[in-house]
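One structure below.
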Protein chains: 2
Amino acid sequence: MSANTEVAAERVAVLSRQLCAGSPTTTSLTVDSKAMREFMTHDNRQLRDAIFEFLKDDLYRPNLYQGLMDFREQTLQRLKKFVGQRFFSVRDYTSDPRRFIAALECLMYADYSLAIKAGVHFTLCGGTIAKLGTAYHHNKYLPGVDDLSLPGCFGMTELGHGSNVMGIETTAVYDANTREFVIHTPNDEASKYWIGGSGQHGKICTVFAQLTVNGQWQGPHVFVVRLRDDAGRLMPGVRIQDQGPKMGLNGVDNGRIWFDHVRVPREDMLDAFASVSPEGVYSSSIPSVSARFGTVVGGLTTGRVLIASGGIDGAKLALTIAVRYSCARTQFGDRPIMEYVTQQARLLPPLAQTYAYHFALGHLKSLVAAKKASDAKAIHVLSSGLKAAATWGRVEAMQDCRECCGGMGFLAVNKIGPLMTDMNVDVTFEGDNTVMMQQVARALLEERAAARGTAPATPAPGALAALGGTACARTLGGLLAYREAALVSQVADDMAAAATRADGAAAKAAASAAAFDRNLDLVVQVGWASMEKFCYANFLKEVERAPPSLQPALAALARLYAVSRLQRAAAFYLAAGALSRADMAALRAAAAELYGQLTAGGPRCAAVALCDGFGVPDHLLQAPIAFDWRKI
Amino acid sequence: MSANTEVAAERVAVLSRQLCAGSPTTTSLTVDSKAMREFMTHDNRQLRDAIFEFLKDDLYRPNLYQGLMDFREQTLQRLKKFVGQRFFSVRDYTSDPRRFIAALECLMYADYSLAIKAGVHFTLCGGTIAKLGTAYHHNKYLPGVDDLSLPGCFGMTELGHGSNVMGIETTAVYDANTREFVIHTPNDEASKYWIGGSGQHGKICTVFAQLTVNGQWQGPHVFVVRLRDDAGRLMPGVRIQDQGPKMGLNGVDNGRIWFDHVRVPREDMLDAFASVSPEGVYSSSIPSVSARFGTVVGGLTTGRVLIASGGIDGAKLALTIAVRYSCARTQFGDRPIMEYVTQQARLLPPLAQTYAYHFALGHLKSLVAAKKASDAKAIHVLSSGLKAAATWGRVEAMQDCRECCGGMGFLAVNKIGPLMTDMNVDVTFEGDNTVMMQQVARALLEERAAARGTAPATPAPGALAALGGTACARTLGGLLAYREAALVSQVADDMAAAATRADGAAAKAAASAAAFDRNLDLVVQVGWASMEKFCYANFLKEVERAPPSLQPALAALARLYAVSRLQRAAAFYLAAGALSRADMAALRAAAAELYGQLTAGGPRCAAVALCDGFGVPDHLLQAPIAFDWRKI
């Protein structure tokens, strides 16, 4: 990510001249929402439009009266009908990842259960077969994935091992006599847990198991295991417990799976990077267990991209509904409730943030599509950090949207409430957010160690106050970058000091690890700071790339993003001496001025137009309060 | 509240000696959870135990497979069976409010839909008849409330008028010829909206309407209107639209009601404070429309007490589950996940906060029970502020609990997820939280104006750092009090300055009101600061009142409450110069030390015992992960 960061820093410098040229206009902003939507849609415009059009089908209209089992059946039927359209193929996972991602992204606008059921089937199961399998597996399974005759599951997580994938206990022992692997669950904690799609419908599963060949342990490998036969009956040795109702996402049938010495043909181990000969000789292009493990779990990246994307798109939906309603809803006379600063402060920073995340995700998708080996680390870090930031940001944005709509936000027909319930899972699945932020911090700590980095210089306070709240992009970007560097430095120094006090390599490593754990609160903040620095720099690049007519509004949003994140981290900056009390007042004034620009004009204000720029079609927006609250 | 505040300040002074005597012990704390439960249960112990025992009935076991209509029917049957036990009477609303509140508080442990359906029926409808009605109404309606033969609704809110109750448009015109009131909905925005219990089951409704007698408008009054006959058929002129599915709380049948010139006998106006003679002469013991309005809506206080209580009890449930699980759940070896500071920082401050709110609510209930006219303002302010703080606190605490349990927190059987979905409504109903916090701030601004208050002196920074993180209660309480005073001062000064710049009384009032609105972000912070100051001072009184064996743990929780709230408001204190960078480090160290004390001992640590002190019976805790996650 550091190369991109440097590029971004250059752009900041270029843009700072432009953005510093005088205080922002106090007149309202005008936004052509159609042009904005075109600018925002980076890829596969026609495909997205076709899927949105298809989703007009009555089958995709919400029904919140039904019980759980009916909802699951409805979700299966929805997926079947979608799959029947052949908008894309699971083979696009490797050949055209942006098309693959675009098609799946569209589904969350109809229903998150549908999106997740499709995601598990196509991305986690199908994608794993596409990426870790070879021609044999592609021919045997991918057609059945594409037409849903083989509904797929992803058997990685175990009851006892969620974040600790390396610690899974399911075993796969090669039996050279029969040329089969024996897949076995040695104890209850090793049962596969939370396996989406396995409760009722799944027929195949990509099972992660510790491989032993000739008595030699080779680490986690992946096997395609048949769960149910064509008629849906469980296969011998497979036991599945339906996990029943969840907080939301009840269209997905999660299950828990035990394998009792289930025999799998030798050919059904996914062998793109490692294989076992009929005679029982193991070979791999990757020598070490830990490096092989990295390859096995590397396939989770696309899943994280989709979860981040879902969080961002969910925020778009909720914001479009809440901002439109707030600008139209009056009480105590003719005053729209959007005129209250409490409403503005809850809706507008998330609007800016959602634009920032949308653009950051666009950058991430372009890295994924470019498939350069040199980008692997940047992709890992950005997909981890953005998944965490986007989903935590969504939790907060949706709760604020729901509250800003009052009781209307709680009414299911207005969509925000049920959506936030369904999506609540996204902060912990596909990698717990706290763990995801640690991944970002670890990468930065490694980079700093490699570069023998030192503590950054503290920016002089007063810069924001001196500019009367109109600080330039260079100053804002510099402050965001400073926080990342200062926090990394603080954690690194504490780890180094702890190691210094210990004797011997093992004790030093343990002391350093303990210091990392002691600072986990800061470590998570490192992740946030890193995402903020990246997203702001990347946002400025998008402002520059945008058609001139869109630049003023995008620049205002970028500024609001930076201002609101600086306000959020105010305690850090004040304690560090990088911002003063006067700077804080300048930030508050800058935010108020931006709120004014974005909301001037009531129902025709820039904030509404910017939400329309997200391009959610009316038939997928659905919520009556997004149209005319008086006619609900 | 100021009198109580002074008392509290004295206590702080007394306790500060005790708490300042040396740094807190670094050994782990021991807590007798049975003794704690006894200390925590301020009233009606036997009644609570009897209701908890009754709730062992299978009818009260969750069923999350069923559809919406079945759930509503189940909720009605649950309420009927509960009512059949006659644990209390609606007449307790006025004669023994603590018994009334205690009985209803117990229901949320079984199901929040049941609690809210009961709350609307007994508190909002029944309580309004008990308080604003006289013997005629009590005899005619209360027996039917007690035995649920007359399921009741509360017809206050209208589509166009939620927070603005004074602005409701439903009319009640007295017709002296027939000695009836004509209740009418003049337009769609005046339809009664969000009326709990009206969608399917309600038979009577306390309807708020603007009264006109002899062409003279008298402001909002309350009428008991029959919605459905004994067989459940709608009465003539009454139109009800079922509001359908909600985000949660789907056991409650909300509806929208229109009245088309519905005639109500003269006697059915609730006439405790105002009446209309048969001939059409209006008379009231309260002369002004606005004072009468205060009386009419004053009955909402008990509802707010119950909503606050629900939020606090909901947090108890979620914390008991999440803390127990976190102390038992291991991953990456034998280390319980509670050992991670990220887990501690998310679960332990809410634990301390829940104790603080529980005690504050106990104080509020004692004020309500004492029924002193001189406490009216304190009750209004505390019920408003605590409702907002407790429910916003609950949102955050439950989300953290849910995330700290990973996917387990999303599984319905573990209770946290469905509960947070059902309860999400509490931040906006019975008064939107933002509006509630404004009520607190307005009261403080009035007090300050009456006392001709000036800006408070800023505490000198460095006090926390000098004490090495073991600052005394006096210092902590002083800092919390300072924030309230400084923020009130800031808003008041801005309002005064704006008024000074305007000419004429009307313009001055308008300028002052505009300044208030401009500072709404600070106004909400005033509400928070005020609740924190009160809750901490009140907590210290409880520490003093507690049996000596419980004092160390309670003192640690009180300290953690103060420390975590100071950390939360760090930017304010740093900007004001009341805390330094070294103070912030001292707060972080103090928090880490408290985390260590509370979590030492794994599954037998103080944090678990303190959760057990909440006294949630196992059969209402239900969640398997609260017992043995390996055996889920």
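The values are calculated or read from the model by the stated rules, or taken from the named source; none is laboratory data. Keep in mind the model is a prediction, meaning the values are calculated, not measured. Cβ sites come from the backbone with ideal geometry, for glycine too, and all protein chains shown count toward neighbours.
Summary table
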{"read-out": "Answer from B:366, B:374 - the residue that is among the hydroxyl-bearing types (Ser, Thr, Tyr), more than 10 Å from chain A (Cβ to nearest Cβ) and within 19 Å of the chain's Cα centre (by Cα)", "value": "B:366"}
{"read-out": "Some residue of the stretch B:174-195 being surrounded by fewer than 24 Cβ atoms within 10 Å (Cβ to Cβ), acidic (Asp, Glu) and more than 30 Å from residue B:73 (Cα to Cα)", "value": "yes"}
{"read-out": "Selection status of residue B:207, more than 30 Å from residue A:424 (Cβ to Cβ) and crowded, with 21+ Cβ neighbours inside 10 Å", "value": "yes"}
{"read-out": "Members of the stretch B:228-263 found to be of a type outside the set (D, E, K, R), over 30 Å from residue B:64 (Cα atoms) and either in contact (Cβ under 8 Å) with a residue 24 or more places away in the chain or out of contact with any strand residue (DSSP E or B) (no Cβ under 7 Å at 6 or more places or on another chain) (or both), listed by number", "value": "B:235, B:236, B:237, B:238, B:258, B:259, B:261, B:262"}
{"read-out": "Residues within the stretch B:148-177 that are within 14 Å of chain A (Cβ to nearest Cβ) and on the phi > 0 side of the Ramachandran plot, tallied", "value": "0"}
{"read-out": "Residue within the stretch A:384-405 that is in contact with a strand residue (DSSP E or B) (Cβ under 9 Å, 6 or more places away or on another chain) and of a type outside the set (Asp, Glu) present", "value": "yes"}
{"read-out": "Sole exception among (1) away from chain A (no Cβ under 14 Å); (2) within 16 Å of residue B:230 (Cα to Cα); (3) in a loop (DSSP other than H, G, I, E, B) for residue B:145, by number", "value": "(3)"}
{"read-out": "Residue, farthest from residue B:426 (Cα to Cα), within the stretch A:356-398, restricted to residues that are buried (at least 24 other Cβ atoms within 10 Å of the Cβ) and charged (D, E, K, R)", "value": "A:387"}
{"read-out": "The stretch A:432-469, residues that are at pLDDT below 90 and crowded, with 19+ Cβ neighbours inside 10 Å", "value": "A:463, A:464, A:465, A:469"}
{"read-out": "Residues satisfying the stated conditions in the stretch B:158-177, i.e. out of contact with any helix residue (DSSP H, G or I) (no Cβ under 9 Å at 6 or more places or on another chain) and of a type in the set (S, T, N, Q)", "value": "B:164, B:177"}
{"read-out": "Residue within the stretch B:225-233 that is away from chain A (no Cβ under 14 Å), part of a loop (DSSP other than H, G, I, E, B) and closer than 30 Å to residue B:287 by Cβ present", "value": "no"}
{"read-out": "Qualifying positions in the stretch A:399-414 - in contact (Cβ under 8 Å) with a residue 40 or more places away in the chain and either crowded, with 24+ Cβ neighbours inside 10 Å or at the interface with another protein chain (Cβ under 7 Å from one of its Cβ atoms) (or both)", "value": "A:401, A:402, A:403, A:404, A:405, A:408, A:409, A:412, A:413, A:414"}
{"read-out": "Residue in the stretch B:331-338 that is part of a helix (DSSP H, G or I), crowded, with 24+ Cβ neighbours inside 10 Å and modelled with pLDDT of 95 or more present", "value": "yes"}
{"read-out": "Qualifying residue in the stretch B:311-327 (condition: within 14 Å of chain A (Cβ to nearest Cβ), over 30 Å from residue B:224 (Cβ atoms) and surrounded by fewer than 17 Cβ atoms within 10 Å (Cβ to Cβ))", "value": "no"}
{"read-out": "Residue in the stretch B:415-424 that is surrounded by 22 or more Cβ atoms within 10 Å (Cβ to Cβ), polar (S, T, N, Q) and over 13 Å from the mean Cα position of the chain (by Cα) present", "value": "yes"}
{"read-out": "Among (1) at pLDDT below 95; (2) more than 21 Å from the chain's Cα centre (by Cα) - the single one residue A:346 does not satisfy", "value": "(1)"}
{"read-out": "Residue in the stretch B:297-310 that is modelled with the highest pLDDT, counting only those that are of a type in the set (A, V, I, L, M) and surrounded by fewer than 24 Cβ atoms within 10 Å (Cβ to Cβ)", "value": "B:297"}
{"read-out": "Among the candidates A:614, A:627, residue that is away from chain B (no Cβ under 11 Å), buried (at least 19 other Cβ atoms within 10 Å of the Cβ) and among the aromatic types (Phe, Trp, Tyr)", "value": "A:614"}
{"read-out": "Tally, over the stretch A:511-550, of residues that are more than 14 Å from chain B (Cβ to nearest Cβ), acidic (Asp, Glu) and either buried (at least 17 other Cβ atoms within 10 Å of the Cβ) or under 17 Å from residue B:340 (Cβ atoms) (or both)", "value": "2"}
{"read-out": "Hits in the stretch B:561-611 - residues which are aromatic (Phe, Trp, Tyr) and within 14 Å of another protein chain (Cβ to nearest Cβ)", "value": "B:572, B:573, B:595"}
{"read-out": "Some residue of the stretch A:73-86 being within 14 Å of chain B (Cβ to nearest Cβ) and farther than 30 Å from residue A:379 by Cβ", "value": "yes"}
{"read-out": "Boolean, residue B:58 is buried (at least 16 other Cβ atoms within 10 Å of the Cβ) and either within 14 Å of chain A (Cβ to nearest Cβ) or not aliphatic (A, V, I, L, M) (or both)", "value": "no"}
{"read-out": "Residue under evaluation residue B:508, criteria (1) free of Cβ contacts under 8 Å to residues at least 24 places away in the same chain; (2) within 11 Å of another protein chain (Cβ to nearest Cβ), criterion not met", "value": "(2)"}
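Table: residues versus (1) in contact (Cβ under 8 Å) with a residue 40 or more places away in the chain; (2) in a strand (DSSP E or B); (3) under 17 Å from residue A:402 (Cβ atoms).
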residue	(1), (2), (3)
A:283	no, yes, no
A:296	yes, no, no
A:311	yes, no, yes
A:349	yes, no, yes
